[in-house]
1. Using only Cα atoms, locate the centre of the stretch B:61-100 and the centre of the stretch A:427-458, then give the distance between them in Å, rounded to an integer.
2. Among A:463, A:443, A:382, whose Cα lies farthest out toward the positive end of the dipole of the stretch A:363-486, if unit charges sit on the beta carbon of Lys, Arg (+1) and Asp, Glu (-1)?
3. Within a 10 angstrom radius of the beta carbon, how do A:302, A:448 rank from fewest other beta carbons to most?
4. Round to the nearest 10 and give me the degree value, 0 to 90, for the angle of helix A:381-400's Cα axis relative to the longest principal axis of chain A.
5. If packing is taken as the average number of other Cβ atoms within 10 Å across a peptide's residues, how do A:303-315, B:9-21 rank, most packed first?
6. Along Cα→Cβ, 7 Å out, is where each label goes; now give me the distance between the ones at residue A:458 and residue A:186 in nm to one decimal.
7. Kindly state, to the nearest 0.05, the FRET efficiency for residue B:15 paired with residue A:330, given R0 = 35 Å and r defined as their beta-carbon distance.
8. Taking amide H positions as placed 1.01 Å from N in the peptide plane, with prolines and chain starts having none, which residues 5 or more places from residue A:185, or on another chain, fall under 5 Å of its amide H?
Amino acid sequence: MDHIASALGGWTVPAAFAGCLWGIFGGALPGISPSIAMALLLPFTYGMEPVTAIVLLASVYVGAEYGGSIPAILIRTPGTNASAATTIDGYEMARQGKAGEALGISLVSGLVGGLFGLAVLVLATEPLAEVALAFTPMAYFSLAILGLSVIASLSGGSLLKGVIAACLGLLVATIGSDPVSGVPRFTFGSPDLLGGVRPILIMVGLFAVSEMLVQIGEPAWGKAEKRDTRLKLPSFGMQRRLFRAQAIGCGIGTFEGVTPGAGGTVAAFMAYNEAKRWSKQPEEFGKGSPEGVAAPESANNVVTATALVPLLSLGIPGSNSAAILLGGFLIHGLQPGPMLFEKAPEVVAGLYWGLLLANIAMLLLGLVILTPALWLVNRPKPYLIAAILALVLSGVFAIEQSFFDVGIVLTAGVVGYLLRLAGVPTLPLVLGVVLGFMVESNYRRSLVISFGDHWVFLQDPVSLILLSLAALLTAWSLWREFGRKT
Amino acid sequence: MSDAVGAGGVPMALAAVMAGAGALLVLRSLLRAPPAGESRSIAAHAKAAGLLAMMIAYVLAAPMLGYPLAIGLFAAAVAAYGGARLGWRVAAFGAGVAAFGWLGFVKLLGVAFPVGTIFGG
């Protein structure tokens with residue numbers, strides 16, 4: 001009981017509700033992805049207790065996935081990428097005057113998915129982390145290489161561009177004092193760079209600032225009508241009908257969530273397809289099928305929890321949102337991975353309980369939040385962009401009271417904008433920044449142990465297994481990249 | 001403490017990989033049409049450049065004007081730049097952002113934002 005009281009004490013409960021609320025609003029705004037909504041809050045977590053901060057950020061992720069379905073159903077504009085599949089039948093239901101029912105199905109299916117994903121997270125993470133406890137520096141290096149090998153699946157169809165982005169991220173991570181000798185690198189004489197570039201600044205710039213630079217030149221998104229604001233929860237009979245679609249969503253969401261790089265969007269579309277395949281009324285799909293809303297919404301909410309399995313157990317973020325959550329851990333001096341369960345078990349327990357609370361908060365807030373969410377979605381876009389940027393500029397300065405940091409964020413924003421123009425994915429860059437220290441420090445530590453002998457990475461059995469997995473993953477990606485197109 | 005790779009080893013290896021990947025990209029684009037990125041009009045780029053200039057102007061002006069005034073002006077300017085009609089709504093919005101920022105960041109969170117050299121800070 002002490003464990004529960006400790007995890008739920010302090011600001012955990014308000015953080016879960018506040019995070020979920022922020023997430024629903026953020027997710028409801030087209031262009032604000034869950035990761036952007038999380039990145040906007042990241043600077044504010046500096047002064048918080050670690051548990052509060054992590055629960056706040058994780059709850060944003062949970063809330064945003066439901067929030068994304070609101071404009072997807074009402075104005076055929078997905079608030080988040082993962083809710084794109086919901087537009088197909090959700091908007092059709094809205095056109096048939098069943099918007100409230102579609103939103104209710106989305107909410108309940110999201111809850112089912114979120115709770116199922118949480119159960120998977122609790123059961124799978126610690127055993128995986130216990131295996132990782134026996135890791136040597138060589139194994140940690142190979143683990144980071146394995147983490148980087150998922151670049152291909154994060155590269156949106158161009159492995160080479162993904163590799164360049166990841167290398168750029170790894171280069172950014174080398175800025176500051178060298179982890180072995182302490183020699184300053186790429187600091188250009190600036191004391192502000194001696195400690196390196198904090199991943200949080202890169203994330204906020206790449207996700208939030210670059211998105212606003214894009215959005216300022218885009219036309220306004222559609223408006224939702226006020227008649228749509230009554231939410232209707234599914235009846236028992238409807239819930240029975242939705243069970244199969246929700247179960248499919250949970251299964252696919254679990255698989256896609258624990259696989260780094262796959263994410264909620266892929267899970268939602270796959271779940272939609274499979275739900276259609278296994279439905280008793282497949283002909284209704286695309287014409288306003290309730291199952292067509294339930295399956296993707298279950299799947300993308302399962303991912304909010306299962307995407308944390310590789311992050312918590314191995315320290316590898318497999319999605320944008322997991323990378324932001326990793327940033328939240330790093331801010332508080334916590335390194336996700338096997339040692340987290342030994343060094344800060346209260347944070348892990350707090351996160352589990354916080355996710356449970358966030359799902360409950362999503363249900364409660366979902367019942368009452370529709371009217372204010374619609375009000376927010378209908379605000380003129382110029383005011384929203386201005387408010388978001390004011391928040392970014394203020395929040396980033398607040399971290400270290402440094403305009404230098406604001407400059408780094410703006411630079412990262414411009415880089416993100418240019419990378420998008422060139423079709424270069426930004427997530428590998430983030431992955432490079434957050435895994436950079438792990439790669440280099442363990443690589444060089446291993447070489448110190450082996451007196452410069454690189455065979456040490458193949459002599460360590462765990463390292464050998466991880467490197468083999470990384471090689472297999474890379475080979476498969478290369479085949480997909482080059483073999484499939486020829 | 002030193003190792004066989006040294007402080008420059010990893011950055012140089014990364015640069016080599018980037019150069020190799022870049023060369024392959026060039027080669028591939030010569031052999032077939034490169035996959036397109038996001039295409040935008042010149043006007044959209046100009047709009048983004050203008051927004052960036054406003055953010056830089058905020059960073060430069062904040063130490064002189066002080067945080068509340070600078071962030072309020074910034075928010076109002078961005079809203080107007082984004083297409084909001086100039087008038088009392090934009091002014092009220094800027095004032096609201098300034099008040100929210102000052103109360104939230106300065107008073108509640110205790111962040112030491114610049115007071116502004118023109119106000120004797």
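1. Taking the Cα centre of the stretch A:427-458 as reference, the centre of the stretch B:61-100 is 47 Å away.
2. Of the listed residues, the answer is A:382.
3. Least crowded to most crowded, the residues run A:448, A:302.
4. Computed tilt is about 30 degrees.
5. A:303-315, B:9-21
6. With each label point 7 Å from Cα toward Cβ, the separation is 3.0 nm.
7. Using R0 = 35 Å, I get an efficiency of 0.85.
8. Close amide H contacts, sequence-distant or interchain: A:176, A:177, A:178.
Laboratory data are not the source of any read-out in this text; all were calculated from the coordinates shown. Since we're looking at a predicted model, the values are computed, not measured. Reconstructed Cβ throughout: ideal geometry from the backbone, glycine too, with neighbour counts over all protein chains shown.
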